[in-house]
Structures are given as C-alpha cells and as structure tokens.
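Read-outs throughout are calculated quantities, based only on the coordinates presented, and are distinct from any laboratory measurement. Source: prediction; values computed, not measured. Don't worry about glycine lacking a Cβ; one is built from the backbone with ideal geometry, like all the others, and counts go over all protein chains shown.
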Amino acid sequence: MVQETYYIKAQASGGGGSVGATLMKSGLTTSYRTGDDGDIEAGRATDFFTLASNNPFGTTERFTDVLGTQVYSDKIFIDWSTYDGTTVLGYGDATFLTYNWNDAIDTALAWSVGSFTSGWRLPNINEMFNIFNHGVTGNKLIAYFPFTLQTGGGQSSILWSSTRLSFSTTNAYYAQNFTGGIRYTSLTNTYNICPVRDFTVNGTTLT
Amino acid sequence: MAKEIYKSGNYIVTVDADDNSRLFPIGKTVYDEYNSVFRLTEGLIEDDQLIISYADSTNWVDDSAVAYTEATLRTFLRENTGFNPASGGSGAAPIGADLMKTNQTVSYRTGDDGDLEKGRATDFLTLASANPFGTTERFTDELGGQTYTNQIIIDWSTYNGTTVLGYGDSAFSGTTWDVAIDNALSTSIGTYTSGWRLPNINELWSLMNMGVSGNKGLEYYPWTELTYAYIVSNFWSSTTTPYATTQAMILKSFTIEIDNKTKTQTANYIPVREFTVTGTTLT
C-alpha cells in the first residue's frame with residue numbers, strides 16, 4: 001500500500017527516471033488512409049518543428065541559431081529535439097563542394113564557424129536521418145526552413161555520414177536528400193557534407 | 001482541507017493536509033515517477049522530497065481551487081520542474097534526448113562513427129540507467145525478461161516515463177502497403193488485443209543495428225528470438241513518400257537501407273504498439 005503523501009530524505013539523485021525518449025515524429029501530416037503515419041502522427045513533440053515544452057531560450061521552436069533566434073547569421077542550426085539537458089546537436093552549413101569519404105571526415109573535423117573553432121565532425125547516419133522531414137512538399141527532405149538557408153547541406157542531393165558498413169567496409173552510408181533514402185556507396189565516391197557539433201548548454205549560452 | 005500545489009513566481013508551493021507549507025525552487029527541483037507515485041526532489045541530495053501517489057492526485061488543488069487529475073498533475077509537474085545537474089544551471093527541463101548510438105563500434109579511421117560512437121546509452125543494447133524492471137537491458141519482453149514467449153520486444157530506449165514502444169513479430173508472407181496497415185491494425189497478441197499499428201519510418205530505422213556481423217539489420221538478439229522478423233528483407237513503414245504518394249518508405253533490412261516502394265508491390269511488416277507503463281505492468 002503506497003502512502004498517500006509524505007516527505008522523505010533523498011538517498012541519491014536520479015533513480016527511477018525515464019531511460020529513453022519517444023522517437024521524434026516523421027514530419028508527415030497528410031494522411032492517405034486510416035492507420036497510416038499521417039493519420040496517427042506517432043512521436044514526440046507537438047509537430048516536427050514544435051517542441052512540447054520550451055527550449056532554454058523560452059520558445060518551443062525545435063530549430064534555432066546559437067542565440068535562440070531565427071536569424072542564422074553563422075549558419076549553425078541547433079536542433080533542440082536532441083537536447084538532453086546538457087548538450088544539444090548543432091548542424092553547420094558547408095559549401096557545395098564534394099568530397100570522398102575520407103576527405104569528408106577530414107573536412108568536417110577541421111570545420112570552424114565563428115567562435116566554434118573545434119569539435120565539428122561528420123554526423124553518423126542516425127544524426128543525418130534525424131533531420132529528414134517527411135512532410136516536405138518537394139523531393140528534398142532537408143529542403144525546409146531553416147535548412148533552406150544552407151549553401152550546401154539541404155541543397156545537396158547526397159550527404160555523407162561517418163558510418164561505415166559492418167558487412168562491406170569499403171562502403172559508407174549516406175543520406176539521399178533528394179529521395180529520403182538511406183543508402184551506401186563506395187568510399188571513393190564524392191558527395192557533400194553537413195558538419196555537426198555537440199554544443200554544451202549553460203543557461204542560454206552555447207559553447 | 002484540500003491539499004494545494006501551484007506555481008508562484010519561481011517556486012512550486014505545496015500545502016499538505018496538515019497545513020504544512022513548502023517551497024520548491026523551480027530551477028532546482030526535479031520530478032519523476034515510480035511505483036505509481038509522483039516524486040518531487042529539491043536539489044541533488046540530502047534535501048526533502050514530496051511524494052504524491054497517483055490515487056491521491058485528485059485530492060490536490062491549484063491556487064484557484066481546481067482539483068487535479070493524475071494527468072493534469074503530471075502535466076503541471078513536467079511544466080514546472082527540471083534542472084540541469086551537469087552544468088548547474090540552465091533552469092530548463094530537458095526537452096529532447098540525445099539520439100541513440102548506431103552501434104558501429106569498429107573504427108576505420110579517426111573521426112568516423114566507430115571512433116566517436118556518439119549517442120545515447122552505454123551501447124546499442126545497454127541503457128545508461130535502469131528500466132522499470134531494474135535492468136539496463138534496452139530490449140526485454142513485456143515482463144522484463146528475456147523469454148519472449150509472446151514474441152513481443154519492448155524497446156526501453158523509447159521509454160518517456162509513461163509509454164514505451166513494443167514490436168511484434170513479422171508475418172513471413174509479403175503484402176501490399178494497404179494490407180500491411182490493415183493487418184497491423186488488427187494484430188492481437190496475448191492480452192494485447194488492440195492498439196497495434198504499422199510503424200512509421202523513424203520507428204523502423206531506430207531498430208537498425210550498425211554493429212551486426214552480417215548484412216541483416218535485425219539479425220541480433222533478441223530479434224533472433226522471434227520466428228521471422230530477422231530473416232525478412234523488406235518492411236513496410238506507414239510513411240507515404242512525401243513527393244510520390246503512390247509509394248511508401250520501406251526499410252531494407254538485408255542491406256540496412258531506406259528506400260521507396262510502390263504501394264501495390266509487396267513487402268513484409270512488423271506491428272508496433274505503445275505500451276503504458278505503470279510500475280512494472282505494461283498495458
């Protein structure tokens with residue numbers, strides 16, 4: 001029998017909390033029949049762009065720049081759906097240049113934007129798939145605001161991930177922006193990149 | 001007298017049945033749920049806690065004397081608690097979650113996925129903290145074990161404190177997209193006779209394990225405990241291709257890829273269901 005209300009001394013923090021998170025919605029909101037994704041819209045957040053509660057800047061916008069606004073002067077796109085209370089993922093812009101997989105990783109590791117001069121890397125395939133919006137009207141799943149502000153990235157057809165195949169190690173995965181596909185190809189092929197970085201959040205300061 | 005809990009400025013104010021009043025600083029207070037109770041904790045350690053059973057929720061009122069329900073009290077606590085213990089100070093509750101690891105653990109060069117292993121949890125199969133059954137296993141059956149008698153696999157990486165996703169086994173025969181949705185909606189396994197549906201593409205992709213030794217993304221334990229799922233090549237998702245509505249997104253398990261397929265063609269499916277978690281009971 002559980003007591004109705006009582007006070008106790010804490011033993012330690014953290015026990016019993018949730019161990020995961022509901023997956024994000026796919027972004028598809030048009031329904032083609034009962035029971036399909038657009039009908040059920042299963043997933044976390046109010047919608048693909050709107051958080052269920054506020055980000056540290058006091059808004060429910062899933063994507064902001066590093067200052068919490070929609071200006072994106074430095075072309076850094078913070079995705080608050082990945083905020084775990086300590087860190088959050090931010091995606092950078094890239095030029096429209098293409099790279100083989102090794103050069104793509106080197107280029108991402110050497111990326112520097114404003115005061116964020118280190119910590120950039122090539123995203124893994126989950127981090128690329130995470131920004132696919134299945135509610136776009138065209139055939140580019142990253143062609144939505146704010147990623148439409150990118151020079152490369154969301155304008156590119158294919159974006160490398162850092163994930164190699166476990167069963168065919170001369171290949172790596174890429175996100176096919178123009179079809180919504182996740183596929184793999186030879187490391188020697190040349191594609192675009194969208195560097196990513198883990199930002200530490202202290203109040204409304206991202207470092 | 002009615003017990004009160006409400007927000008006042010930067011504090012949650014509570015007044016219990018004995019007229020004891022307390023202030024919980026919003027920026028220093030967290031809440032969680034276990035064994036059918038809400039637990040508010042101020043600070044990290046050595047501070048008092050307030051525990052309210054689910055059943056007692058309706059005996060509490062806000063500052064307008066409006067009684068809570070279990071659901072509205074949960075919403076109140078989620079909106080007015082939460083702090084950042086690591087950095088010591090955003091004052092904002094976590095609104096998201098780190099993405100799960102891909103499970104690529106072999107590194108081929110500095111800076112690749114296997115080198116960095118970015119993502120949530122200890123590894124693809126091991127949670128960072130215990131699930132409601134007290135283990136760190138990402139996947140269990142609905143009883144918290146590894147028996148899988150009902151061929152239901154619960155994925156605790158999707159547990160948000162209230163609900164968790166569980167997947168059923170696949171039928172071995174392919175169907176069109178429409179039939180796959182119909183079949184998923186009518187799935188009944190054991191006492192779980194309703195609530196099943198076809199997973200969306202995000203839900204399917206979340207199961208792909210980039211650390212498998214072969215080319216089948218579901219060929220890992222506990223999926224290998226099911227009869228068919230790990231030996232099926234293509235799975236329908238419930239997600240229509242946004243730019244070609246006669247097609248839907250499919251998961252190609254045998255190459256660990258996502259592609260599009262005409263809805264009148266055939267593929268397999270696995271059903272998914274949101275289970276409500278109360279203590280260690282899944283309904």
How much of the DSSP beta bridge set in chain B is antiparallel, as a percent to the nearest 5?
95 percent
Region A:70-114 residues near the modelled B:Ser129 label - backbone nitrogen below 17 Å, point 7 Å along Cα→Cβ
A:83-87
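Please state, to two decimals, what the Cα-based radius of gyration of region B:57-185 comes to when divided by 2.2 N^0.38 Å (N = residues). Present the calculation step by step, with values, prior to reporting the outcome.
On the way: Rg = 20.3 Å, N = 129, 2.2 N^0.38 = 13.9 Å.
Relative to the rule-of-thumb radius for its length, region B:57-185 sits at 1.45.
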Spin-label model distance (nm) - A:Thr205 vs A:Ala52, 7 Å beyond Cα toward Cβ
3.1 nm
What's the angle, to the nearest 10 degrees (0 to 90), between helix B:70-80's Cα axis and the longest principal axis of chain B?
80 degrees
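Kindly state, to the nearest 0.05, the FRET efficiency for A:Thr30 paired with B:Thr276, given R0 = 22 Å and r defined as their beta-carbon distance. Don't skip to the answer; put the middle values down first.
Numbers: r = 28 Å, r/R0 = 1.28.
Efficiency at R0 = 22 Å is approximately 0.20.
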In whole angstrom, and with the biggest value first, how far do the Cα coordinates of region A:37-206 range along each principal axis?
45, 43, 28
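Restricting to region B:123-282, compute how many DSSP beta bridges are antiparallel as a %, nearest 5.
95 percent
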Using alpha carbon positions and the Kirkwood radius, the Rg to Rh ratio of the protein assembly as shown is 0.97
